[in-house]
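Working notes, beginning with the structure itself.
The values are calculated or read from the model by the stated rules, or taken from the named source; none is laboratory data. From a predicted model like this one, the values you see are computed outputs, not experimental measurements. For neighbour counting, all protein chains shown are included, and Cβ atoms are generated from backbone atoms with ideal geometry for every residue, glycine included.
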Amino acid sequence: MRRGQQLALLLVVALALVGNHVLPTSTPWLPPAPGPGSAPPPPEPGLRAHAEDVTDYTLHASLDPVKHTVHGEGTIHFRNTSAAPVHEVWVHLYLNAFKNERSVFLREPVGGFRGGTPVADWGTIDVRSFTIEDAGSTVDLWPRAELKRKTKGDDDDDETDARVPLPHDLAPGEAITFSMVWDDKLPSIVERTGYHGSFHLVGQWFPKLARLEPDGTWAHFPFHHLAEFYADFGTYDVTLDVPTGFRIGATGPVVDSQKKDGRLFERHLQTDIHDFAWTAWDGFLRRSENIQGVGVTILYPRGFEAAAERELATIRFALPYYGVHYGRYPYSVLTLVHPEEAAAEAGGMEYPTLITTGGEWYGPPGVKQLEQVTIHEFGHQYFYGLVASDEVSWPFLDEGVNSYAEIDALGAFLGAGSIIDIAGLKVSDEAIQRVAASWAEHDEPVAQPAYAFATGARYAELVYSRTATILGTMRAVYGPAATERAMATYTRRFRFGHPGPEDLIAAFAEVLGDDVAATMRTALFDKGWVDYAVEEVVCHDGKGPRGIFDRDGKRETVKDPTPSGGSFDGWVLVRRHGTLELPVDIELVLADGSRTRVAWDGHGNVMRVPYEGKSALRAAIVDPDHNVLLDDNLTNNHASAVDAPRPRGGRTLERALYLAELLVQGVSP
């Protein structure tokens with residue numbers, strides 16, 4: 001959790017205490033299948049069982065925990081699944097992001113997000129050979145590899161994205177095997193990878209092929225500060241070699257383990273994945289259990305037993321919940337790693353079947369940070385892992401959609417107090433994300449590449465919070481059932497796929513219609529926003545009209561008509577500011593305490609609601625159920641009749657939350 005989010009929590013807590021605001025308690029979600037220790041649920045009909053096998057890795061890695069180095073050897077078997085011949089391959093060498101201050105990662109001025117820890121000890125990846133068998137001879141391609149290139153006319157010293165020419169074209173359907181030897185020098189823990197003392201988290205550690213798109217182009221990128229990863233699916237067969245006394249956590253199940261000459265050798269084998277990461281430390285404690293047929297292991301430091309139990313409890317809920325909503329978890333194992341406190345930058349990260357959590361051992365149970373980070377990182381097994389979108393070009397499809405899934409799952413798991421539940425005070429994850437989503441809505445679009453965001457703060461507020469709030473608004477406005485069908489359509493259709501933004505929008509169009517899809521596109525691509533406001537509430541008593549009237553052959557002048565004895569008329573004027581058209585209810589509050597609602601489809605700029613009845617119209621509220629989470633200003637959602645006393649209480653909560661937004665803006669990064 002970012003510091004800005006922590007400050008927001010404190011301020012919302014203070015304001016909620018003042019306003020005595022307690023969200024309603026939701027009904028806990030119960031899994032449809034038996035709980036821990038049960039057999040895995042049966043395969044879901046029609047759900048794709050396997051990915052297209054494109055890039056297979058067979059690797060051996062040996063860790064020196066004193067020098068913090070990894071020596072690697074292995075092969076990459078690559079098949080051209082595109083429609084065009086391939087005359088080169090692109091290889092990501094992402095450890096070089098920490099080689100020097102001329103890397104793209106360290107040059108990008110994007111403060112306000114994770115990764116701010118200075119590099120105390122540099123990291124590198126050095127490829128010693130990269131060979132193929134060609135015409136009966138072994139040919140080393142690495143001498144011709146291009147590690148540096150000019151960008152925008154300037155010398156570019158970044159070495160994270162290497163182009164390797166092939167001696168001849170690789171035709172569609174043809175395969176090739178590369179043999180390679182390389183050496184890693186791990187950096188001090190900086191972000192996603194590195195060491196602290198004898199603790200090692202080893203991510204982005206091997207020469208990794210970029211993804212080949214269907215048209216034959218390579219989706220290759222330097223390692224940007226805010227971006228993550230994108231690759232083809234395949235099989236990873238990896239043998240790890242560490243000193244005995246160290247415990248290993250890694251992607252995929254252990255298929256062989258043995259000790260020899262003071263070393264531990266573990267072989268991990270996993271199909272249908274697109275990355276591999278591992279950790280090794282001589283300080284890990286370990287717990288394991290079977291949850292719905294999945295072997296779940298948590299590695300954690302001594303003293304973190306209570307934290308480990310909370311994280312396991314979260315996974316006991318999350319595995320069946322995500323399986324019902326987004327498709328069954330297809331792997332046999334899941335490993336959670338809680339890094340030691342001094343290696344906190346290694347926490348909060350995801351790899352296939354391996355996630356890192358984080359948080360202090362002494363965190364109060366009423367603050368649900370441990371549950372939040374655990375369920376968020378587990379959600380990445382779907383939004384990044386199974387639905388393998390391009391995290392560099394479209395990060396909202398990864399972090400944003402996953403943040404929506406996090407809010408939904410945490411709410412089902414923990415109820416209204418999904419972030420804070422202390423002494424009757426309940427604050428939800430949705431409320432926190434809604435506040436953050438409003439900070440940058442007019443600054444930049446949500447749907448843009450990770451490297452296009454001006455700052456890390458804007459990236460977090462728009463990619464994570466704004467996307468989640470857009471989808472949360474869809475859920476509240478159009479109903480949970482329809483939104484869940486749209487999400488289920490998307491996740492199941494693109495399981496083991498590589499969808500883009502239009503695929504997500506198309507799933508919503510299919511379930512909810514083209515108008516909803518158009519609204520979603522505007523919200524994502526065009527800095528879409530909305531502010532509903534009750535602009536005018538007018539009520540007159542039912543006196544007859546004044547003026548000159550000809551009745552029964554007589555002319556009469558009426559100057560002061562007699563009250564009709566309980567008849568009132570008037571109107572409510574509601575205005576929609578902004579570019580998003582979302583349906584809302586308008587609630588009319590009458591003097592006798594009754595209320596009535598009128599639906600507005602949100603089209604057009606204004607809605608005038610006429611009123612006529614036997615009780616006076618006292619006030620009006622637009623969106624009384626707060627379904628439009630994207631509403632820019634909640635303080636104008638209520639107004640009283642111009643000639644009626646303002647009701648007590650009114651919109652106290654909305655004003656308090658708006659004040660919270662203003663206060664939080666002053667202290668957030």
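Tabulated results
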| read-out | value |
| --- | --- |
| Any hit, the range 270-280, residues being over 23 Å from residue 387 (Cβ atoms) and either surrounded by fewer than 17 Cβ atoms within 10 Å (Cβ to Cβ) or acidic (Asp, Glu) (or both) | no |
| Considering residues of the range 191-223 that are in a strand (DSSP E or B) and aliphatic (A, V, I, L, M) only, the residue surrounded by the most Cβ atoms within 10 Å (Cβ to Cβ) | 201 |
| Residue selected from the range 183-192 under the condition modelled with pLDDT of 95 or more and touching a helix residue (DSSP H, G or I) at 6+ places or on another chain (Cβ under 9 Å), by the criterion farthest from residue 77 (Cα to Cα) | 188 |
| Condition check for residue 316: more than 20 Å from the chain's Cα centre (by Cα) and basic (Lys, Arg) | yes |
| Some residue of the range 287-303 being touching a residue at least 60 places away in the same chain (Cβ under 8 Å), assigned to a helix (DSSP H, G or I) and surrounded by fewer than 21 Cβ atoms within 10 Å (Cβ to Cβ) | no |
| Filtered residues of the range 292-332 (kept if touching a helix residue (DSSP H, G or I) at 6+ places or on another chain (Cβ under 9 Å) and of a type in the set (Ser, Thr, Tyr)) | 300, 314, 321, 322, 326, 329 |
| The range 213-232: number of residues that are over 16 Å from residue 98 (Cα atoms) and either in contact with a Phe, Trp or Tyr (Cβ under 6 Å, 6 or more places away or on another chain) or among the polar types (S, T, N, Q) (or both) | 4 |
| Within the range 109-135, considering residues that are crowded, with 18+ Cβ neighbours inside 10 Å, within 29 Å of the chain's Cα centre (by Cα) and within 25 Å of residue 149 (Cα to Cα), the one modelled with the highest pLDDT | 123 |
| Given (1) in contact (Cβ under 8 Å) with a residue 24 or more places away in the chain; (2) under 24 Å from residue 302 (Cβ atoms); (3) surrounded by fewer than 24 Cβ atoms within 10 Å (Cβ to Cβ), index of the condition residue 370 fails | (3) |
| Single unsatisfied condition, residue 226 versus (1) of a type outside the set (Val, Ile, Thr); (2) more than 15 Å from residue 351 (Cβ to Cβ); (3) part of a strand (DSSP E or B) | (3) |
| Flag for residue 524 being modelled with pLDDT of 95 or more, buried (at least 21 other Cβ atoms within 10 Å of the Cβ) and either among the small types (Gly, Ala, Ser) or within 30 Å of residue 54 (Cα to Cα) (or both) | no |
